[in-house]
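Participant: For reference, the structure I am asking about is given below.
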Amino acid sequence: MKSVLTIYRKELADYFSSKKFLILLGLVYLTGLTSIYVSIQNIRAAAQSSTDAFVFLKLYTTAGDVLPSFLYFLSFFIPIIGIVFGFDAINTERNSKNLSRLLSQPIYRDSIINGKFLAGITTMSIIIGSIIMIIAGIGLRIIGVPPSSEEILRILIFIFICICYGTFWMALSMLFSVIMDKTATSILTAIAIWIFFFFFVQIIANAIANAMAPVTDNATLATQIKNFNIDLGIKRISPAYLFTESITILLIPSGSQLFLRAVTTADISKMLLNPLSLGQSLIQVWPQTVAIIALAIICFAISYIVFIKQEIRST
Amino acid sequence: MDNYIISTKNLTKKYGSKTVVDNLNLSIPKGQIYGLLGPNGAGKSTVILMLLGLAEPSSGDISVLGYKPTKDPLRIKSFTGYLPERVGFYEDMTAAQNLEYTALLNSIPEKEIPSKIDECLSIVGLQKEKNIVVKQFSKGMKQRLGIADVLIKNPQLVIFDELTEGLDLEVANQILETIFNLNKDKKITFIISSHQLNLVQKICHKVGIMSKGKLIGEGNMAELSKNMFGGNKYLIEVEIIGDVNNVIEKIKSLKGIKTVTSTENAIHIGTDEDLRQDVSKIVTNMDGIILTKMDIKDFSLEDVYLNYFKEV
């Protein structure tokens, strides 16, 4: 445990002093501040047209005419943050010839991957948590409406889901860093998978659903439902969609505001008259959250096993 | 058994169908500097990795400091320093920070770390570079820092893999001198795997020669040259024009000649003394014989090494 802590502290110090941390932090803060500017511009209109009481949450969900909401930005940036903190975790150590020197120290091999993983999660949590809190702070000062206890809880759960989602991407890119020798290959593979899940799954889902159950002007309700179910079923293989779905349910309990395009759950919640209670929202987001956590655990477990079993070769 | 810091019995390592280490039986006594020699692919580095528990043997037994690397790798690594062929450090950290990290991983109490770092850096002559980032270090400085890095844990055994590879002669000699002094003063056992035989020869008490995963020769220089050249100290090489057989008969009659062998126009004379004058007299006094070249050399590890591979 002591060796994990030593590696964790060293990695944490490395992350905080690295250029990639500063660049990501700057980028996320810039985006966050831009989106809060947008939401403050539009929040009055949004609050007036809304029937629910969750005004404070609109800081995160209100989009402008041109710029999307903070949630959209976040769903875009979290995978990037995760990938950046994981893609070179192991192969850099291997390529810099530090790995065999590290492994010749009296530490268990898993201490290395555990320490790096924990440091990555911590750094990512700081970036994500801090921007969400900063937005809450600025919003509180400007709109003057304090968040209710339920809103605070929703924000905390939202942070938790964001961290789990980032952890998944970090675990995935760390897996590539274990199995691939070159850092360029591991980052490109991780980005390719992200692009596939973020953009292509939706297109593929739509194409397959339309092929299997075409929604024409004369389509029956059964066909429309079939189309919807096929589309939703395929989209749900994407962690990006699961994340979007869960934060949508969590932060737009009434579903009165649509801020992300093609979010089917939001379409459904449009039909709801009353906002979901926190308990109901949690029941709704539970499967998506568990799926994200499970995916993160699976990716890390595979990285862990591969790394432990990887034989150190002399060359 | 207690006198041996390392012993292996029928140690075998296979990667798929390829046998990299083949029934290796190795015994290295405490306090020695042992040279592990062999061409690329001989299995030296794989042996080293198995000694440290970083690679698992396919079969056979290993004992390092009385522990089995497969069962007690942490214990072995607590007392064993290892410097791989291409040593890596965190380039953005200073020499002291790199050593501090190693010290922390070795659970050295934090209070003792600064003095320990100073001590190790002074042994390798890098005190002044203590606070310089490693990316500014030359290869030789990195190797010296590597030695400091392995010394930080007070090792009983240190393993260097191709330690002097790519270093200029002066730096390599400085490093070997440091190792020699550490062995003498601190009684640390060293295993040095190297291609630079002339350098290894200077400090090793004993060498093992590996080929295709097998130990094909082992001993100190005297033992090895005895096996190879009948224990002669010098080899006089004579090249002539004329009948070689007549000359050989005359040379054999000289006092102190141990062995005489010949090829088409060259004669190789094994001896413990420098008999060049006597040999040249014989050759030049013979009718119809012209001496074209005469050379003498004392047997080096390289000769032993090359002869082993000529035989293999």
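Participant: Would you be able to say whether some residue in region B:112-120 is surrounded by 15 or more Cβ atoms within 10 Å (Cβ to Cβ) and either within 14 Å of another protein chain (Cβ to nearest Cβ) or farther than 30 Å from B:Gly140 by Cβ (or both)?
Facilitator: yes
Participant: Would you pick out the residues in region B:138-152 that are away from every other protein chain (no Cβ under 13 Å) and touching a residue at least 40 places away in the same chain (Cβ under 8 Å)? Talk me through it step by step, then tell me what you get.
Facilitator: Let us first name the residues in region B:138-152 that are away from every other protein chain (no Cβ under 13 Å), namely B:138, B:140-141, B:144, B:151.
The one that is away from every other protein chain (no Cβ under 13 Å) and touching a residue at least 40 places away in the same chain (Cβ under 8 Å): B:Leu151.
Participant: Can you pull out the residues in region A:78-124 that are closer than 17 Å to A:Ile163 by Cα, of a type in the set (Val, Ile, Thr) and either modelled with pLDDT under 90 or touching a helix residue (DSSP H, G or I) at 6+ places or on another chain (Cβ under 7 Å) (or both)?
Facilitator: Passing the criteria: A:Ile78, A:Ile81, A:Ile83, A:Val84, A:Ile121, A:Thr122, A:Thr123.
Participant: When region A:78-101 is examined, which residues are found to be within 9 Å of chain B (Cβ to nearest Cβ) and either more than 23 Å from A:Ala184 (Cα to Cα) or of a type in the set (Val, Ile, Thr) (or both)?
Facilitator: A:Arg101
Participant: All but one of (1) within 13 Å of chain A (Cβ to nearest Cβ); (2) surrounded by 23 or more Cβ atoms within 10 Å (Cβ to Cβ) hold for B:Pro155, so report the exception by its number.
Facilitator: Of everything listed in (1) within 13 Å of chain A (Cβ to nearest Cβ); (2) surrounded by 23 or more Cβ atoms within 10 Å (Cβ to Cβ), B:Pro155 misses just condition (2).
Participant: In addition: Could you tell me whether region A:48-58 includes any residue that is modelled with pLDDT of 80 or more and either in a helix (DSSP H, G or I) or surrounded by fewer than 18 Cβ atoms within 10 Å (Cβ to Cβ) (or both)?
Facilitator: Looking for residues that are modelled with pLDDT of 80 or more and either in a helix (DSSP H, G or I) or surrounded by fewer than 18 Cβ atoms within 10 Å (Cβ to Cβ) (or both), one finds at least one in region A:48-58, hence yes.
Table: residues versus (1) hydroxyl-bearing (Ser, Thr, Tyr); (2) touching a His at 6+ places or on another chain (Cβ under 7 Å); (3) part of a strand (DSSP E or B); (4) closer than 20 Å to B:Val150 by Cα.
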residue: B:Ser7; (1), (2), (3), (4): yes, no, yes, no
residue: B:Leu11; (1), (2), (3), (4): no, no, yes, no
residue: B:Leu26; (1), (2), (3), (4): no, no, yes, no
residue: B:Ala55; (1), (2), (3), (4): no, no, no, yes
residue: B:Thr70; (1), (2), (3), (4): yes, no, no, no
residue: B:Leu74; (1), (2), (3), (4): no, no, no, yes
residue: B:Gly81; (1), (2), (3), (4): no, no, yes, yes
residue: B:Gly88; (1), (2), (3), (4): no, no, no, yes
residue: B:Leu99; (1), (2), (3), (4): no, no, no, yes
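Participant: What number of residues within region B:174-213 are closer than 17 Å to B:Gly31 by Cβ, of a type outside the set (Gly, Ala, Ser) and part of a strand (DSSP E or B)?
Facilitator: Residues that pass the stated criteria total 6.
Participant: Among the numbered conditions (1) within 12 Å of another protein chain (Cβ to nearest Cβ); (2) β-branched (Val, Ile, Thr); (3) in contact with a strand residue (DSSP E or B) (Cβ under 9 Å, 6 or more places away or on another chain), tell me where B:Ile191 comes up short.
Facilitator: (1)
Participant: Shifting gears a bit: Select, from B:Glu264, B:Glu223, B:Glu218, the only residue that is part of a loop (DSSP other than H, G, I, E, B) and at pLDDT below 85. Quick ask: steps written out before the conclusion?
Facilitator: Details: B:Glu223 fails: part of a loop (DSSP other than H, G, I, E, B); B:Glu218 fails: part of a loop (DSSP other than H, G, I, E, B).
The unique qualifying residue is B:Glu264.
Participant: Go through region B:84-106 and give me each residue that's facing another protein chain (nearest Cβ under 8 Å), under 17 Å from A:Pro106 (Cβ atoms) and at pLDDT 90 or above.
Facilitator: B:Tyr101, B:Thr102, B:Leu104, B:Leu105, B:Asn106
Participant: Sticking with this structure for a sec: Hey, B:Ser59 hits all of (1) touching a Leu at 6+ places or on another chain (Cβ under 9 Å); (2) hydroxyl-bearing (Ser, Thr, Tyr); (3) within 28 Å of B:Asn220 (Cβ to Cβ) but one; which does it fall short on?
Facilitator: Against the list (1) touching a Leu at 6+ places or on another chain (Cβ under 9 Å); (2) hydroxyl-bearing (Ser, Thr, Tyr); (3) within 28 Å of B:Asn220 (Cβ to Cβ), B:Ser59 comes up short only on (3).
Table: residues versus (1) surrounded by 19 or more Cβ atoms within 10 Å (Cβ to Cβ); (2) touching a strand residue (DSSP E or B) at 6+ places or on another chain (Cβ under 8 Å).
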| position | (1), (2) |
| --- | --- |
| B:Lys77 | yes, no |
| B:Asp92 | no, yes |
| B:Glu100 | yes, no |
| B:Ser107 | no, no |
| B:Met141 | no, no |
| B:Ile175 | yes, no |
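Participant: Also, I was wondering about something else. Looking at B:Ser193, is it surrounded by 15 or more Cβ atoms within 10 Å (Cβ to Cβ), of a type in the set (Gly, Ala, Ser) and at pLDDT 80 or above?
Facilitator: Against the criterion (surrounded by 15 or more Cβ atoms within 10 Å (Cβ to Cβ), of a type in the set (Gly, Ala, Ser) and at pLDDT 80 or above), B:Ser193 qualifies.
Participant: I'd like the residue in region B:13-40 that is farther than 20 Å from B:Ser194 by Cβ and in contact (Cβ under 8 Å) with a residue 60 or more places away in the chain and, out of all such residues, is surrounded by the most Cβ atoms within 10 Å (Cβ to Cβ).
Facilitator: Among residues in region B:13-40 that are farther than 20 Å from B:Ser194 by Cβ and in contact (Cβ under 8 Å) with a residue 60 or more places away in the chain, the one surrounded by the most Cβ atoms within 10 Å (Cβ to Cβ) is B:Lys13.
Participant: Next question. Which condition from (1) within 12 Å of chain A (Cβ to nearest Cβ); (2) assigned to a strand (DSSP E or B) is the one that B:Gly60 breaks?
Facilitator: Failed condition: (1).
The values are calculated or read from the model by the stated rules, or taken from the named source; none is laboratory data. Not measured: the values here are computed from a predicted model. Note: ideal-geometry Cβ built from the backbone for every residue, glycine included; neighbour counts use all protein chains shown.
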